[in-house]
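J.: Quick one: the structure is below, questions incoming.
What follows draws every value from the coordinates through simple rules; no lab data is involved. Everything numeric here is computed off the predicted structure, so don't read it as measured data. Cβ coordinates were reconstructed from backbone atoms using ideal geometry, including for glycine residues, and neighbour counts include every protein chain displayed.
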Amino acid sequence: MQSTKRVTRFEWVTRLIDVPVILGITLVSILIRAISANWPLAINGFDSWYLFYNANLIAQAGGNWYAVPPDVHAWFPWGYFIELGDTIGLPFFVALISLPFIGTFGANAVYTVAIFSDIALAGLGVIAAFLAVESITENRIAGYAAAIVVAVSPALTYKNVLGGLPKDSWGAVLILFTIYLFNEALKKEKPLFYGIPAGVLLFLAEIIWGGNTYIDLSLIIAAFIIILLNRNNEIVSKTYAVMAITTGFLTSFAPNEIGFLSGFAHGLSMIFVGILLYADLYLKNNLPKELVDSKNILVSATIVLIFVLGIAGAVLAKPSIATSIIPSRYYAIINPFFQITVPIDKTVAEYIPQSITNMIEDFGISLFLAIGGIYYSLKKSSLGGIWLLVLGVAAIFGTSEQPYLFNYTAYLVAALAGIGIYYIVSSLRQSNRLAPILVLSLFAISLVADAGLAATGSDAPQAIDNSATGFLTTNYAWINAIDWLNKCTPAHSFILSWWDYGYWLETLTNKTVIDENNTLNGTQIKLMAQIFLNNESYAAYVLEHYYHVYPYGNPNYTIPAYIVTYDAVTSQVVNGQLTWYLGYPPNFGPFFGYTTSVGDIAKAMGAMTIIAGYNESSFVNTTELISQINATESTYGSTDPTLASGLISQIENAQPFAWTPRAYNSLIVQMFIEGTESLGGKVITPFTTSVAPTNSGFQVTGTPLPPVELSYFQPAYIALYPVGSGGVPNDGGTYTVYIMVLVYQFVQPGHVIPEHVVENI
């Protein structure tokens, strides 16, 4: 009895030591991501704006998630309810926390909670990683290691910028807490005491992240492995049953498709795992020993058979059949032949497979240490550790194929890395006292490097503040344009844009949009690409015949329609003469008249053509590009190699402007030509620039484009904001780069919109 008291007292003392250490690591995590030298806190990204919008809807309904009104602004012209399956959880809790302050501060209360929720996430992620790993290994050093990896992870900084509302990161943190409670139940043999809260947290993970299929399938695999390794027992089965029943009961109250027994992937799979574990117990207790010993061989053979048949069936099945069973994004991971046929997987960065170097950049040395964690989990762990192993391996593979999950994967890699550090150090300590110190030193050095990258990544402008350009400077072109659309256009207006900006436009203008960032309807996105890439007559036909939206001045006119697009434009002033170039000089170097694109022109000549189903060569004249490079090398290669090198580099980057006649006549190009011409000065035709040496430098000249005056679309608002300037190497000229957001209105030819061209400079 006395010995037990000493152990308990010692445990409390060590726990008291853990508190300041973990609080210190938590503070580091928060400071890295919360302190920014230049930029204010704001909601970041695109998806986070829609989550904020959902939180507002729930808050307006008094926190009643059953009474959320339909989102009539999404997927024009039908309108869909709030996307309950994937987004209801996080907005729901943001709304609940905001409720006491709604009466006084309104939507600002929701906005404030949304911003600071990520500060809470930065701290909770550290605590969850420590608790899960320390519980599995029973070693606090391993827990500290996992916590520090989370605290300094560059991957989490890049994605979880404050205000990001990253639902997949919240899902990972809640899963780590679930694993901790599950493991504690096994160690302390208290399935009810720990199993119920574990079930509550798993329920939260499913409604916040929406990855219920992924969670449940990983549990099935983990259960098979536990049975194979002969680590199933009564406590494991009881704890899982309590957790599964709790989760299933709570999800039955959620207003979405993952309710209890509402789908095979959730309801039946949760029950199936419990039946599997109890069936294994029954067989072990009732079969003769020789049959019990052979059971594992049968189980392993079954696992291999199911895996082989599943993968083979998924790959060999017709995509239309396979994707009716497996969500297309998961099927694309399994079947790379299908992935390369999906336009979104070829055009959206978050769906393009990563190289191993990118994976190392995202996860650092933790990626290698996780291998040790995987081995230890197989060798020592119970169901909690095996479940973490399965989640981690699947996440690493899935992220390599589609990196949109990397901020979820970062937490699991950190946990496995903490376990790996423990296993490597404890193994080396038995034979060499110096080796563990060297391993820990290498680990510490890598963490310092990660912390530097994480801090640098956090000091970046919010996407809407820099207009999603990649320029690390604040400009307000998008903000000004959105503000105008919100205040100066009718409430029932219809806005068309490329889908990247759909959530901004829907949420901040409170208007109907053609598509938004989570639009799963490929036809919507394809039609928008075709509108941009064809002439204005085609665009007018699509609007009238597909959407029944008629131009201002037409007898059938009822809905004001606006089309929004953005890119960079460059003004050049030489001897008092103003000329314009679409795009910006690559790297803001010496200006030779060749530009590149950061916005919709680049997307039009790449992603839009692919999604529209057009041949890229019909829009980009690569022959002209190569010809210009060869001519430049021939003219200046021997006489002025420096000039030749600079020119060739700019020509190579100017590919989005090597237009064919079809590209010149496309609506998106015509909009930029007309919009820029309206600012005064001539717009220079791409790839007509000549560079001639002079006594004072070089003379850069080009052929002006003929004036453009669209008939069906008129400029309604033009927002310009400068992002940089430089010198032109001829006669002391200067250039200035602006971000330009164009808003055009759909108008009947011959009519003029009431407020024609408002310029914001």
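J.: Starting from 0.36 nm per residue, how many nanometres of slack lie between Thr473 and Leu578 once their C-alpha separation is accounted for?
T.: Numbers: separation 105, 0.36 × 105 = 37.80 nm, distance 2.48 nm.
Using 0.36 nm per residue and subtracting the Cα-Cα distance, I get 35.3 nm.
J.: At 0.36 nm per residue, and after removing the present C-alpha to C-alpha distance, how many nm does the segment from Val448 to Asn64 gain when stretched out fully? Working shown, then result.
T.: Numbers: separation 384, 0.36 × 384 = 138.24 nm, distance 4.52 nm.
This chain segment gains 133.7 nm when fully extended.
J.: A follow-up question, please. If the limit is 31 Å between Cα atoms, which of Lys187/Lys284; Lys190/Lys380; Lys511/Lys682 go over it?
T.: Values: Lys187/Lys284 22 Å; Lys190/Lys380 20 Å; Lys511/Lys682 35 Å.
Exceeds cut-off: Lys511/Lys682.
J.: Under the classification rounded if a/c is under 1.5, otherwise prolate if a/b is larger than b/c and oblate if not, where does the stretch 602-753 fall, given a ≥ b ≥ c as square roots of the Cα gyration tensor eigenvalues?
T.: Values: a/c = 2.40, a/b = 1.49, b/c = 1.61.
Note, shape of the stretch 602-753 comes out oblate.
J.: Want the number for Ser537 to Asn108: 0.36 nm per residue separation, take away the alpha-carbon distance, what's left?
T.: Values: separation 429, 0.36 × 429 = 154.44 nm, distance 4.29 nm.
Contour length minus Cα-Cα distance gives 150.2 nm.
J.: What nm distance separates the two modelled labels at Ser678 and Thr456, each placed 7 Å from Cα along Cα→Cβ?
T.: 4.1 nm
J.: Computed FRET efficiency, Cβ-Cβ of Gln748 and Leu27, R0 41 Å: what is it to the nearest 0.05?
T.: On the way: r = 61 Å, r/R0 = 1.50.
With R0 = 41 Å, the Cβ-Cβ based efficiency is 0.10.
J.: In terms of the Cα gyration tensor, with a ≥ b ≥ c the square roots of its eigenvalues, is the stretch 398-464 rounded because a/c is under 1.5, prolate because a/b exceeds b/c, or oblate? Walk me through the numbers on the way to the answer.
T.: On the way: a/c = 4.39, a/b = 1.84, b/c = 2.39.
It is oblate, given that a/c is not under 1.5 and a/b is not larger than b/c.
J.: Please work out the FRET efficiency for the pair Asn615 and Tyr546, using the Cβ-Cβ distance as r and a Förster radius of 25 Å; give the result to the nearest 0.05. It would help to have the intermediate numbers written out before the result.
T.: Details: r = 23 Å, r/R0 = 0.92.
Calculated value: 0.60.
J.: Sequence gap at least 6, Cα distance under 8 Å: using those rules, report the relative contact order of the stretch 164-211 to the nearest whole percent. Spell out each step's value before the answer.
T.: On the way: 46 pairs, mean separation 24.8, N = 48.
Result for the stretch 164-211 is 52 percent.
J.: Shape call for the stretch 479-567 from the C-alpha gyration tensor, a ≥ b ≥ c root eigenvalues: rounded (a/c under 1.5), prolate (a/b greater than b/c) or oblate?
T.: oblate
J.: Between Ser355 and Ala435, with labels modelled 7 Å along Cα→Cβ, what's the label distance in nm to one decimal, could you check?
T.: 3.3 nm
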